[in-house]
Each structure stands twice: as C-alpha cells, then as structure tokens.
Amino acid sequence: MKKLISIVIPCYNEQDNVVAIATAVEDELTRCLDADRYDFEIIFIDNDSRDNTRSLLRELCSRRPRVRAILNAKNFGQFNSPYYAMCQARGDAVILMCCDFQDPVELLPEIIRKWEDGAKIVSCIKTRSRENPLMRALRTIYYKAIRRMSSVDQIEHFTGFGLYDRDFVDVLRRLDDPTPFLRGIVAELGFKRVDLPYTQAKRRAGHTSNNFFSLFDAAMLSFTSYTKVGLHVLTLLGLLMAAGSMLIALVMLVLKLVFWDRYEAGVAPLLVGLFFLHAMELLFIGFVGEYVMAINTRVMNRPLVIEAERLNWPDPNTPPKTSPAEGNNP
C-alpha cells in the first residue's frame, strides 16, 4: 500500500506565491518520490486573504487533483490555522512549510528520508538566514531567553517547518487546545526527533503579514504556555520593593525624629518613589494579565478554525476533526 505524504501550506495574501509554490512542490515530489511507494497531496489553508489568493486556489484545485484547500471564515491567527490544517491531513506523514519560499522546497527529499530512517518528527532548524540581521539577532535573544526560562527544552530557531508522523498528528487531534503553540508542543511531547539544519531564504514575492504586534503575541503565547519564571520574578521583585520601601520609610522616620529641626526631605523623593512604584505595578498587572488572558482563552474552548469552504477534498462528509472544532464545520 502506498504511503501518503501531506504537504500543508498556510497562506494569507499570497497571490504572488500560491501557484508557484504548488508547482515547485509538485515537481519536486514527482521527481524524488517512487510513484509505486508514495502518493502525495498539497493542502493549502487560507486565513481569509484579502487579495486574489482564493481565486487562484479555486483555479488550482479545479485543475490539479492533488491540490486541496480549506478557506477559513475569518483570520484565526498564525498558530491556529496551520495546526488545524495539519489535523485535517490524512497522510502517513505531514510536512508543514510556508508559502513564500523561505522554507526550501529542495529539502523535501531529505526530510522524507529522515522520516523513513525512523524519525517521528523532523524539525528543520534555520542555522542561517538571509533576513534582516537585526531581526535575526532579536529572534536569537528571544529563543535563548524562552529556552532558559521554560521547563521544556525549547528548540531554537525552529519555526514549525518540518515533518510530523501520523502518530504525532493523532496526538495533536486529541490535545483539545484552543491556543496551540506547535513549537512548544513538539519540544514537550517527547517523540523521537531529528533536527535538520537549513539556510532560510528571503521571501520570494509579496510582503510578510508579521508586524510588531503579531510577533509580540507569539512571544507572549510561548511565555504564558511554557514558563513560570516571569511570575516568579515579579513576585520576588514585589517582595524586594516592598521591603526596600519599608526600609526607606523607616530611615526617613528615624532621620525626622532625630534631626527634626534640620531634616527637610521635600516632596521630590516622594514623587520619584510614587512614579517608580506605580510603573512597576503596571508592569506586574500587565504581565499577570497575559497569563489570565491565556487561561480565559483556554477556558472558553472556542474552535480552532471555522471553515467557509473546502475545495477538492476527498470524502468531504467525514473529514477528521480536532476536538475544539468538532461540529463547527460545514
């Protein structure tokens, strides 16, 4: 029986790339895979694109039997959408890659070879990148910080690009997590993993949808999902500041009692102290709020994704589902 390889490609406003990436992946897999042993499918999941991406996907699906698409009802974020598509894939192995050619298509044969050698997960690690050097440096600092603070051994410079065996994907379907952080889950669950280094290319065409707020959201999701250090640090800082404030107050009281006729501190120290303490309070409240918001999202248990349409899908009446989205798709 042939093994099925599912290639999952999330997209958002990628009209300049969807046709090219579908062609490149199809050509590479046709060339490198033994047709007697393997079959493959390409699954696009569109996160409510505002350009011509959906029209191009409809045309692709009408002309190419191996290309399928899920069109989301709205934009469900950079984490939920690819995770959901992976859980809908039927392959013996699922390969997740981006649509903009930053993940090299020519690496697919090596990824599949490592899976056949026994790896349950092949995580592609970008050891070098042609992105902005400043962004590269900031990402490195972030990865090292989250790795040191997390109880789980996080994977540095792993964006999700890689292969996932069906056994691992079956676990993802059962996790019932409405805010999944795939990179953390890979590090946490302990499946046999092989790292594959690569050089990340520049985006082929179009513009990235990432900005400061989306990157900050990603960072906060990883912190609130896999670290307690932030809360511990804030608690210790609060205790130290409270002790320091009491000590300063005691010193000022003693000075006032001993040198009552000569000691005149004025209001400046008081104002500086108040501004500093209130700033720290806002920091503490904001950080704790991130954790509370993460808890609130998980308690509500909303669907990962709600679909607007499926294109070229085999047996659309009985698709696999992830638990949070069960019963929400047409």
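Where does each of 291, 84, 198 land when they are ranked from fewest to most other beta-carbon atoms within 10 angstrom?
Fewest to most other Cβ atoms nearby, the residues stand as 291, 198, 84.
Using a 10 Å cut-off around each Cβ, can you sort 278, 157 from fewest to most neighbouring Cβ atoms? Let's see the in-between values first.
Details: 278 10, 157 19.
Final ranking by Cβ density, sparse to dense: 278, 157.
Go ahead and run the numbers for FRET between residue 295 and residue 19, Cβ-Cβ distance against an R0 of 45 Å, rounding to 0.05.
Efficiency, from the Cβ-Cβ distance: 0.60.
Run the simple label-point estimate for residue 125 and residue 175 please: 7 Å along Cα→C-beta, distance reported in nm.
Using points 7 Å along Cα→Cβ, the separation is 2.0 nm.
Fewest first, what order do 161, 284, 79 take by the number of other Cβ atoms within 10 Å? Provide the component values of the computation, followed by the final result.
Details: 161 22, 284 16, 79 19.
Least to most surrounded, the residues fall as 284, 79, 161.
7 Å from Cα along Cα→Cβ at both residue 145 and residue 64: what's the point-to-point distance in nm?
Taking the two extended label points, one gets 4.0 nm.
Indicate the gyration tensor shape class of segment 1-116 (rounded, prolate or oblate), computed on the Cα atoms with a ≥ b ≥ c the square roots of the eigenvalues: a/c under 1.5 is rounded; otherwise a/b larger than b/c is prolate and the rest oblate.
Prolate.
Modelling each spin label as a point 7 Å along the Cα-to-Cβ direction, I'd like the residue 254/residue 308 distance in nm, to one decimal.
7.0
Calculated FRET efficiency, residue 280 and residue 156, Cβ-Cβ r, R0 30 Å, to nearest 0.05? Present the calculation step by step, with values, prior to reporting the outcome.
On the way: r = 31 Å, r/R0 = 1.02.
Taking R0 as 30 Å, the efficiency between residue 280 and residue 156 is 0.45.
Over segment 1-86, what is the relative contact order in whole percent, taking alpha-carbon pairs under 8 Å and six or more residues apart?
38
Are any of the pairs 2/74; 2/192; 3/202; 74/114 more than 28 Å apart by Cα-Cα distance, and if so, which?
Numbers: 2/74 35 Å; 2/192 23 Å; 3/202 32 Å; 74/114 36 Å.
Among 2/74; 2/192; 3/202; 74/114, the Cα-Cα distance tops 28 Å for 2/74; 3/202; 74/114.
In a shell of Cβ-Cβ distance under 12 Å around residue 46, excluding residue 46 itself, what net charge do Lys and Arg (+1) and Asp and Glu (-1) give?
On the way: positive: 50, 54, 58, 68, 74, 310; negative: 14, 48, 51, 307, 309.
Neighbourhood net charge equals +1.
Where a number appears in this text, it was derived from the coordinates with a stated rule and is not lab data. The model shown is predicted, which means the values in this text are computed figures rather than measured ones. As a convention, Cβ positions derive from the backbone with ideal geometry for all residues, glycine included, and neighbour counts pool all protein chains shown.
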